[in-house]
Amino acid sequence: MATVRKKKEKKPARKKPDKFYLDRIVVIDWKDERRLRRFITDRGKIAARRITGTNARHQRQLAIAIKRARHMAMLPFIKEHYR
Amino acid sequence: MRKYEFAYILDPALDDAAVGESLARYVKLIQEHGGEVTQQDIWGRRKLAYEINKKTDGVYVYIRMRGTRKVVDELHRTLRFDETVMRNLIVIDEDAERRNAESRARAGVNVDAPDRGDMRADHRADMRAGG
């Protein structure tokens, strides 16, 4: 006997606000390590827009800033010995 | 003439005097090639996010300048042979701090970096909610 399972309702995703817009950041600074750190995963990867809500323009700027910060050893490329 | 940011990481084995000398040398080099140094800072010793040449620390030096391509080319050339410099970065200066401060002032947001919590946890909660 098949139990009729209620179909999971799909609510439209709540649009996340762009964090750079909220803080009125116009230039994403490679020196702003504290802020950049919030946009990388615990493995050190650049977090997806889907996750952080960053808009397209800021995501492009962010990626460049993170790469500069990595070059200057302020952020990791990868975190080894993870866990 | 363009504005540039120039930062480099020095070998942590150098003492404060040697760090100051290194900074002075680069400032002089910039000036000799028609550049103008607008800011010079020694950020100091800090931990590197990963090892470079088996070293876990580095001394960060930061310079803001105005100059032409010639200055930048000359810096790159010199940096290549400077064995005390472990990393360097020369990029167009977009005046990030000033422009962000102005932007915040215009909007009346005066918190520098409010804690926005764990964005990934927020995302997971959204996914559970069926988004």
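The values are calculated or read from the model by the stated rules, or taken from the named source; none is laboratory data. In this text the structure is predicted, and so the values were computed from the model without any measurement. Don't worry about glycine lacking a Cβ; one is built from the backbone with ideal geometry, like all the others, and counts go over all protein chains shown. Areas reflect the complete protein model, heavy atoms only, side chains present, ligands, DNA and RNA absent. Shrake-Rupley method; radii C 1.70, N 1.55, O 1.52, S 1.80 Å.
When segment B:6-30 is filtered for residues that are open to solvent by 10 Å² or more (accessible area, probe 1.4 Å) and within 17 Å of B:His76 (Cβ to Cβ), the ones remaining, listed by number, are B:Arg25, B:Val27, B:Lys28, B:Leu29. Checking each residue in segment A:35-60 for being among the polar types (S, T, N, Q) and surrounded by fewer than 19 Cβ atoms within 10 Å (Cβ to Cβ) picks out A:Thr41, A:Asn55. For segment B:38-60, residues that are in contact with a Gly (Cβ under 9 Å, 6 or more places away or on another chain) and touching a residue at least 12 places away in the same chain (Cβ under 8 Å) total 7. Note on segment B:31-45: among residues that are among the acidic types (Asp, Glu) and not in a helix (DSSP H, G or I), the one that is least open to solvent (accessible area, probe 1.4 Å) is B:Asp41.
Looking at segment B:47-131, the helices (runs of 4 or more DSSP H) lying wholly inside it that each contain 1 or more residues that are modelled with pLDDT of 95 or more and surrounded by 15 or more Cβ atoms within 10 Å (Cβ to Cβ) sit at B:69-81. The single condition from (1) more than 15 Å from the chain's Cα centre (by Cα); (2) at pLDDT 95 or above; (3) open to solvent by 50 Å² or more (accessible area, probe 1.4 Å); (4) of a type in the set (A, V, I, L, M, F, W, C) that A:Ile64 fails is (1).
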